[in-house]
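Chemist: Starting off with a structure, shown below.
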Amino acid sequence: MRYLGYALLFIVSFKIFLVVTFPFNVLKESMLIEFNRSTGLNASAKEMSLSFPLGVELHNVGLRNTAGGQLQFALIDVTVNPLRLLLGQIAANLTIEDEASNPLSLAASVSISQLLNAARSGGSVLPSYLRIAANQYQLGSLANYALQTYTNSPKANQLVAPLLKQVSLTGQFVSDTTLELDSGDLANSKGEIKLNIENLSFAIDSPDLDLEAQQFKTANISAALAEGTLTFAEGSSAFTAQDIAVEVDGAINLKTPINSSSMALEVPVQIKGALQDQFGFLITSLLGGGTDGLIPLKIRGTFARPHVSYR
C-alpha cells in the first residue's frame, strides 16, 4: 500500500506539474504551423490541454481549405496507454467530436517488436487490435468538405470535378467495430464489422439533371471475421434508396502477407427511375449491364492484383 501510494502521488504530482508549467500554447502553435505547412490547409484551435492518462486534446478545431470551406470539430483527443508499454505494445486512442460534440473514436494497439522489424525491413505494420466506435457522428459536413477540397485541387479530374461540386451528402455515422488481427498468421484473426449511416441522403443539385435526392432506407455494412475469413452474409450489407440499391455478398480470406489476401465479392448495383433514364446508356454501353439497370459488379483476385468485372 505504501508503494502504491508513492506511485499515485507521483502520477498526480506529475500531472499537476504538466498542467501548471507545460507550454501548451507554444506546442499548439508549433503543431498547427507544421500541419498547415505539410498539408496546405489552414488549421486553427482555440485551446490545447493535457488528456489523462498521457495525451493531449485540442478544443474548437477548425479546418479551412483554399476554396473558403470550413470544417469544425468540438474536440480532438489523442491519448497513449502507458501501461501497455510494459506488455511491449503501443496502444493509442483517437477521439474526434463533430461540431455538435458527437464522438467518433479509433483505438488501436501495435507490437513494438513489429514496429522495429518494419523499420528495419521497410515492411508494413498491422495493428493487433482495432476498434471503431461512433455515435451519431455527422458525416455531411465532413463529406462535403472533402468533396470541395478535392474539386478545387489541381489534381482533380476535370471531367468529374464539375459534377462533384454539385453533390451534397448528409447522414449520421454509427459504428461498433472490433478486429483482433494476428499479423504473424492472419488466418487466426477474428472480430466483427458494424457500420451504419442513419438518415443518409445523397443529392446532385444540377439544372441539367432532373434527379431527386436519394433518401436511403438502409445504409449499413455488417461482416463477421472468424479464422481469418471476413464474411458478408447475404442481405446484411446494403444501401437502398428510391432509385438505387447496392448489396455486398461474399467473403475475403486474409493471408500473410496481407497483399496476398483473396477476395470473392459480388456487389450488384441496381438503378431505376430517373437515374436509369439519365445514366442507363452508360450501363449498357460501357459497363455491359442489361436494359433493366442492373450492374452485376464482381471483385475477384488478391489485394495486390484485384480484378473487377461488370458481366
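The values are calculated or read from the model by the stated rules, or taken from the named source; none is laboratory data. What you are looking at is a predicted structure, and each value in this text was computed from that prediction instead of being measured. For neighbour counting, all protein chains shown are included, and Cβ atoms are generated from backbone atoms with ideal geometry for every residue, glycine included. Only protein heavy atoms, including side chains, enter the accessible area calculation; ligands, DNA and RNA are left aside. Shrake-Rupley method; radii C 1.70, N 1.55, O 1.52, S 1.80 Å.
Chemist: Given the DSSP H assignment, sum -39500 (n - 2.57) over each helix run of at least 4 residues in the chain and divide by its residue total; what's the result at 222 nm in deg cm²/dmol, nearest 500?
Modeler: So the helix-based figure for the chain works out to -7500 deg cm²/dmol.
Chemist: If I fit a long axis through the Cα atoms of helix 140-151 and take the longest principal axis of the Cα atoms of the chain, what angle between them do I get, 0 to 90°, rounded to 10?
Modeler: With rounding to tens, the tilt is 70 degrees.
Chemist: What is the calculated FRET efficiency for I258 to T39, with r their C-beta to C-beta distance and R₀ = 25 Å, to the nearest 0.05? If you can, show how the numbers build up before the last one.
Modeler: Values: r = 27 Å, r/R0 = 1.10.
Rounded to the nearest 0.05, the efficiency is 0.35.
Chemist: Continuing with the same structure: Sorted by accessible area (1.4 Å probe), largest first, how do R131, R311, R2 line up?
Modeler: Largest accessible area first, the list is R311, R2, R131.
Chemist: Please give the net charge around Q270, taking every other residue with its beta carbon less than 13 angstrom from that of Q270, where Lys and Arg add +1 and Asp and Glu add -1.
Modeler: Working: positive: K272; negative: D243, E247, E266, D292.
After counting each charged neighbour, the total is -3.
Chemist: Shifting gears a bit: Please give, to one decimal in nm, the separation of the simple spin-label points placed at Y129 and L9, each 7 Å out from Cα toward the Cβ.
Modeler: Simple spin-label model gives 3.2 nm for this pair.
Chemist: In the range 34-116, carbon and sulfur make up what percent of the accessible area (probe 1.4 Å)?
Modeler: 61
Chemist: Calculate, for the chain, the solvent-accessible area per residue in square angstrom, rolling a 1.4 angstrom probe over the heavy atoms of the protein chains.
Modeler: 59
Chemist: Under a point-charge model restricted to the Cβ atoms of Lys and Arg (+1) and Asp and Glu (-1), what is the dipole moment magnitude of the range 92-220 relative to its Cα centre, in debye to the nearest 20? Walk me through the numbers before you get to the answer.
Modeler: On the way: 7 positive and 13 negative charges, 90 e Å.
The calculated dipole for the range 92-220 is roughly 440 debye.
Chemist: Right, something else. Between [x] 181; [y] 147; [z] 133, which matches volume of the Cα convex hull per residue in Å³ calculated for the structure shown?
Modeler: [x]
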